[in-house]
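Step one of this worksheet: look at the structure below.
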Amino acid sequence: VFASKVLTDVAHPENGMLRGIEISLRNAGLVPSDVRSILHGTTLATNALIERKGAKTAMITTQGFRDVIEIAYEHRYAQYDIHSAKAAPLIPRPARFTICERIHADGSVRSEVSEEDVRRLIPAIREMGAQSVAICLMHSHINDTHERKVRDILHASLPDLYISLSSEVCPEIREYDRFITTCANAYVQPLVSRYLELLYEGITRRGFDCPLFLVNSGGGLTSVDVARRFPIRLVESGPVGGAILAAHVARRRGEAEALSFDMGGTTAKLALIDGGAPSYGRVFEVDRQYRFMKGSGFPVRIPVVEMVEIGAGGGSVVSSDRIGRITVGPQSVGSTPGPACYGKGGRLPTVTDANVVLGRLNPRYFGNDGLSLDVEAAREAFARAFSSSQALAPKVAASGADEIVNENMASAARIHAQEQGSLLPQRILIAFGGCAPLHAASLADKLGIGRVIIPRGAGIGSCIGFLRMPAAYQVSHARIIDLDAADPTAIAGILARLEAEGRLVIKEAVGDGAMRVQRFVDLRYLGQGHEITIALPEDVPTDELHACLVDLFTRKYQQIYNISFAHLAIQITGFSVHVEERDGGLRDRHFQIEFAKDIPVGPQHPVEVTLETVDGPQRGHALGRQAMVEGTTYPGPLLIIDPDTTTVVPSSFSAICDISGDIVLTRNI
């Protein structure tokens, strides 16, 4: 694997991607015609949602349901906390319009769409300058004719308008989840669609004649066309690669339980790995506002790897609140102007600047993408921000920032584990991303975790994870059916139709080939508000479907709640089918990673360094990863320097490089 890291071009993000491709090809001695496929993960959709930098978007809904996306679930996530805060709606109330129409819950039409109502909205949509519209009508997941009719009317007068239908984006029950997911899709669609268009043009112009695949939030690959229609499925496109890498590392090492820790320039992501696989879900909560608590953000209902993401990265701004306490993030300086130590005009102190002031990033061994570290600029940034108001020396303020960002990440990990009913101390921590190895040992210490794994190529961990992914797509369909009255042939027909739709998407992406299919059914007891998803075994005969579903649901319900109710009727609420190429990805390959020759790789022999701590200066050593002797124990304090990151080994840990090339940090007893 030939790797390169380049700064993001904020104004033209496709340029950074294209430049990285060019550098990697040059290092590998290849030309565009040698490339068979391009895999791409992006945080563009996530950042637009969190930073509220999407398109001006309107919403059209059924009369009387204008405020669904603001009312949400009608409950407080922190019942007795008067300071709790909610995420602001993506679409403000004046941009939410209603029309006269109504479809019943069974799909029958109560009142037809009023064309006059729809045409009446066109001047208002044009006047507000909307680039995108979310059409969210009641019960459209059962009958989509009204949504399609509204779309056709709008397109006739506003042909350049991006339009998202809730019946296509999220064809499932529960209007809030369906509406908010569709609004989020519409909000990011112009930005992502234009980005992918420019990226594809740039790739084609440079002579590439190969398919471009996008990584989706569920850990699979999808085509550019599907990604442009449903950009909300890319919301965890970048981070999911890291979870796939962590799962591979855990499997390879025979570790049953792990915590994946990915920290880059803007955010930190944490995910639980059990049995060599990440946890998958159908809902991801974006932009949690308050103490990382569930319910403080807004849900998007998509196939996704379960993880928690917070605004804590190398570019996160270090500041103080109104009573003088040090705070970190969620604001980020981005790559432009970047941290103060980059010498590109940044004046605000960041987490990266804190690591420079504390001696953890050494200017002699830092030079990726032509950057050099300015230690004095980092000190001056902290002096400006803290010396006058709090009278804190730069080293003290940097130490405080380091402690705060580590505690923020630890708090997010604890809450995520509690939500999943899991314990952390018995897990290993697998750390990757440009910043994670700098903070991994401190995070493990706070969580009571005794071992940390830093895989080879940790700084590009998500990209390595992409190489292990197959092309995959998941299709869902909501339908409420009483199981006892259900026709098994009709159930089999619905699953077959979804499978055919999924196979078509994969075929368009990678052509004909063997595919793996997983079928799921959502079930609940009659009268309950939420369901349990059951995975159907392969090749269940149609005449045995009823008995199989009853058995699987009863056993899983018993497992989760330690009780079941044989006398209660069971109800189906939905179906989904996951299709992926059977032999896709490079799941179990071993990669040797090569960076450009001009990137510093660290000292060949241990050299003395001084690390700043709360207790004062501490003598330690620095060593290049490639100079570590396999099986030799290296005590902390130690800096292990890679071309793409630096691992901090505090005095409470020791490090070895094992036979697989992983760095293993072990807490001293």
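Every number in this text was worked out from the coordinates using simple rules, so none of it is lab data. From a predicted model like this one, the values you see are computed outputs, not experimental measurements. Neighbour counts run over all protein chains shown; Cβ positions are idealised from the backbone, glycine included.
Annotation: the antiparallel percentage among DSSP beta bridges lying fully within the chain is about 70.
Peptides 319-329, 469-479, ordered by how many other C-beta atoms sit within 10 Å of their residues on average, highest first, read 469-479, 319-329. Any chance you could check the Cα centroid distance between segment 416-471 and segment 107-133 for me, in angstrom? That distance is 47 Å. By the beta-carbon count within 10 Å of each Cβ, the least crowded to most crowded order of Asp106, Asp644, Asp225, fewest first, is Asp106, Asp225, Asp644. With contacts taken as Cα pairs under 8 Å at a separation of at least 6 residues, the chain carries a relative contact order of 13 percent. Relative to the Cα centre, the charge distribution of segment 319-386, modelled as +1 at Lys and Arg Cβ and -1 at Asp and Glu Cβ, gives a dipole magnitude of about 160 debye.
Extending 7 Å from Cα along the Cβ direction at Arg52 and again at Arg582 yields two label points whose distance is 5.1 nm.
Taking the convex hull of the Cα atoms, report for segment 472-581 its projected area averaged over all directions, in nm². Spell out each step's value before the answer.
Working: hull surface 28.0 nm².
Mean projected area of the Cα convex hull: 7.0 nm².
Considering every alpha-carbon pair of segment 16-67, the percent of pairs per 10 Å bin, from zero through the bin containing the longest distance, is 17, 27, 22, 18, 10, 6, 0. Volume per residue of the convex hull around the Cα atoms, evaluated for segment 382-430, comes out as 97 Å³. Return, ordered by residue number, the residues of segment 92-116 whose backbone nitrogen is under 13 Å from a label point located 7 Å along Cα→Cβ of Glu127. Under 13 Å, as judged by backbone N against the label point of Glu127, lie 95 of segment 92-116. In this structure, Ala393 and Arg93 have a Cβ-Cβ separation that, at R0 = 45 Å, corresponds to a calculated FRET efficiency of about 0.40. Relative to the current alpha-carbon distance between Asp106 and Tyr80, full extension at 0.36 nm per residue lengthens the span by 5.5 nm. Straight-line cross-link partners of Lys507 among the aspartates and glutamates, defined as a Cα under 14 Å from its Cα and at least 8 positions apart when in the same chain: Asp225, Glu499, Glu580, Glu581, Asp583.
Convex hull volume of the Cα atoms in segment 405-481, per residue, in Å³?
Values: hull volume 11.9 nm³, N = 77.
With only Cα atoms used, segment 405-481 gives 155 Å³ per residue.
If a helix is a whole DSSP H run, which ones in the chain reach 27 Å or further along their own axis (Cα) and hold a mean Kyte-Doolittle hydropathy of at least 0.5? Intermediate results must be reported in sequence, preceding the final value.
Values: long enough: 175-205 (43 Å, -0.10); 394-419 (38 Å, -0.30); 488-510 (33 Å, 0.69).
Helices meeting the criterion: 488-510.
Taking Cα centre as origin and charging only the Cβ of basic (Lys, Arg, +1) and acidic (Asp, Glu, -1) residues, the dipole magnitude of segment 472-581 rounds to 300 debye.
Share of antiparallel DSSP beta bridges in segment 162-313, in percent to the nearest 5?
On the way: 20 of 20 bridges.
Restricted to segment 162-313, the bridges split so that about 100 percent are antiparallel.
Model label sites at Gln426 and Tyr280, defined 7 Å from Cα along the beta-carbon direction, differ in position by 2.5 nm.
One chain, two ends: Asp209 and Asn143. Fully extended at 0.36 nm per residue, the span grows by 19.7 nm beyond their Cα-Cα distance. With a cut-off of 17 Å, note down the residues of segment 472-490 whose backbone N falls inside the zone around a label point 7 Å from the Cα of Lys507 toward its beta carbon. Answer for segment 472-490: 472-475.
In units of 2.2 N^0.38 Å, what is the alpha-carbon radius of gyration of segment 319-386? Before the final figure, lay out the partial values.
Details: Rg = 11.9 Å, N = 68, 2.2 N^0.38 = 10.9 Å.
So the Cα radius of gyration is 1.09 times the expected 2.2 N^0.38 Å.
The ranking of Val356, Val226 by Cβ neighbour count inside 10 Å, starting from the fewest, reads Val226, Val356.
Remark: segment 129-224 is approximated by an ellipsoid whose semi-axes, taken from the C-alpha gyration tensor as √(5λ), come to 28, 18, 11 Å, largest first.
Tell me which of Leu549, Ala569, Val510 sits at the most positive position along the dipole axis of segment 472-581, charges placed on C-beta atoms (Lys, Arg +1; Asp, Glu -1). Farthest along the dipole direction, towards plus: Ala569.
About the Cα centre of the chain, how large is the charge dipole given +1 on each Lys and Arg Cβ and -1 on each Asp and Glu Cβ? Please answer in debye to the nearest 20.
Values: 68 positive and 76 negative charges, 252 e Å.
Approximately 1200 debye in magnitude.
Taking all Cα pairs closer than 8 Å and separated by 6 or more residues, the relative contact order of segment 472-581 comes to 50 percent. At q = 0.06, 0.10 Å⁻¹ the log10 of I(q)/I(0) for the chain amounts to -0.36, -0.99, computed by Debye summation with a single uniform scatterer per C-alpha, solvent ignored. Only one residue of Ser237, Pro488, Leu90 has its Cα farthest out toward the positive end of the dipole of the chain, where Lys and Arg carry +1 and Asp and Glu -1 on Cβ, and that residue is Leu90. Contact order, relative form, for segment 319-386: 29 percent (alpha carbon pairs under 8 Å, 6 or more residues apart, mean separation divided by residue count).
Extension gain, Thr336 to Ser411: 0.36 nm times the residue separation minus the Cα-Cα distance gives 24.1 nm. Cross-link partners for Lys53 among the lysines, with Cα-Cα distance under 28 Å and sequence neighbours closer than 8 places in the same chain left out: Lys5, Lys86, Lys269, Lys294, Lys344. Extending 7 Å from Cα along the Cβ direction at His567 and again at Gln626 yields two label points whose distance is 7.3 nm.
By per-residue mean of other Cβ atoms within 10 Å, what is the highest-first order of 536-549, 646-659, 19-32?
Working: 536-549: 13.2, 646-659: 19.1, 19-32: 15.6.
Peptide ranking by packing, descending: 646-659, 19-32, 536-549.
With contributions of -39500 (n - 2.57) from each DSSP H run of at least four residues, the per-residue ellipticity at 222 nm computed over the chain stands at -10000 deg cm²/dmol.
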